[in-house]
Amino acid sequence: MAEKVLVTGGGGYIGSHCVVELIEAGYLPVVVDNFSNAVRGEGDVPESIRRIEKLLDTSIEFHELDLLDQPGLEKLFKKHSFSAVMHFAGLKAVGESVEQPLRYYRVNLTASMNLLEVMQAHKVHNLVFSSSATVYGDPQHLPIDEQHPVGGCTNPYGKTKYFIEEMIKDHCKAEKDWNAVLLRYFNPIGAHSSGQIGEDPQGIPNNLLPYVAQVAIGRRQCLSVFGNDYDTPDGTGVRDYIHVVDLAKGHIAALKKLKDNSGCKVYNLGTGRGYSVLQMVKAMEKASGREIPYKVAPRRGGDIASCYADPCLAEKELGWKASFDLERMCEDLWRWQSMNPTGFSKGTAS
């Protein structure tokens, strides 16, 4: 009998790619999403999930549910016997969190507390949490390993991830039969090689690569490069970009790690290499064969100069290592964008 895994926020970008990997690894995902970062498809199912069903010739159980609805969550846990939970659900835009901090604290923290309480009540003690490299704040050393100090976050989004990590750590200390893996992502990009699922930001993209792709396809006129006076080789921000499929495979490795009953573990998921904004623009120009116009704009609040991972611990303990290079990341992103020029809502993929 396949193990049932609850995937919160499974209709979104990273969640949907993890659903693919879960199914291919023999698990049975049950997906919940409130459509804050997912596009509604036929039958009130996220379009990403509908496409995965077609791609893998399978059916996926989906429930429209907001984790702020604790009674609704209770009902779901009474219906199913989950072996583990993968927790992606939450608000995720750095800039927006600076403008709307209370909303981010209310949604992200309350949702996670509700989930932990319901898991505890129903004796589901295995959790993989979607965290972020933002918990490290402004790096004190590079590359960033898991021993780097955390909590000096530069924006409310990062603080919510840090606070949720602390909640999970404290709960695992108090409840010895709990196991959790906290995965600190660097910068996910790319898309599934089929071109059927990818990142489809609602409104103006908050992340660099979706914006670049939309400029390349003609949906937006010009890229704004926020700051060219950072202490980096070309003055623009440097980040560690990881293919979303590599990231998803990291979650499967984390799920298997839970079997070791090793309490709460933390791992970076990144490539260990940083690329600047302008390097990424050039890489996307090559992948798309199109010029990507850009203009320099003032720095954004909460941004830092450089951030890239030391991913050695994940390789050592999870047996996981990023496998896709920058060229492939950009090629897969461009395939998704060119097959779906207006995203999921009116995409040409079928």
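Brief remarks follow.
- Percent accessible area from carbon and sulfur atoms, the chain, protein chains only, probe 1.4 Å: 47
- In terms of its C-alpha gyration tensor, region 196-277 comes out oblate, because a/c is 1.5 or above while a/b does not outweigh b/c.
- Cut-off 20 Å (backbone N to label point 7 Å along Cα→Cβ of residue 175), residues of region 1-29: 4-9
- Long pairs among 78/259; 123/161; 75/259; 259/316, criterion Cα-Cα beyond 19 Å: 78/259; 123/161; 75/259
- Prolate/oblate/rounded label for region 1-130 (Cα gyration tensor, a/c 1.5): oblate
- Candidate values (i) 232; (ii) 124; (iii) 142 were compared with volume of the Cα convex hull per residue in Å³ computed on the shown model; the agreeing label is (ii).
- Accessible solvent surface per residue of the chain, calculated while the other protein chains remain in place, 1.4 angstrom probe, Å²: 42
- Between helix 47-56 and the chain: long-axis angle, C-alpha atoms, 0 to 90°, nearest 10: 80
- In terms of packing, defined here as the mean over residues of other Cβ atoms within 10 angstrom, the peptides 151-158, 304-311 line up highest first as 304-311, 151-158.
- Measuring from each cysteine beta-carbon in the chain, the ones with no other cysteine beta-carbon under 4.7 angstrom are 18, 153, 222, 307, 312, 330.
- For region 160-228, the list of trypsin sites (Lys or Arg not before Pro) that fall in a loop by DSSP and count at most 12 other C-beta atoms within 10 angstrom reads 176.
- Peptides 242-252, 333-343, ordered by how many other C-beta atoms sit within 10 Å of their residues on average, highest first, read 242-252, 333-343.
- To the nearest ten degrees, helix 244-257 and the longest principal axis of the Cα atoms of the chain are 30 degrees apart.
- Residue among 14, 36, 77 farthest towards the positive dipole end of region 1-88, charges placed on Cβ: 77
- Compared with the dominant Cα axis of the chain, that is its longest principal axis, helix 277-288 is turned about 90°.
The values are calculated or read from the model by the stated rules, or taken from the named source; none is laboratory data. Given the structure is predicted, the values throughout are model-derived calculations rather than measurements. Please note: Cβ atoms are built from the backbone with ideal geometry, for glycine as well, and neighbour counts cover all protein chains shown. The area values use the complete protein model at the heavy-atom level, side chains included, leaving out ligands, DNA and RNA. Shrake-Rupley method; radii C 1.70, N 1.55, O 1.52, S 1.80 Å.
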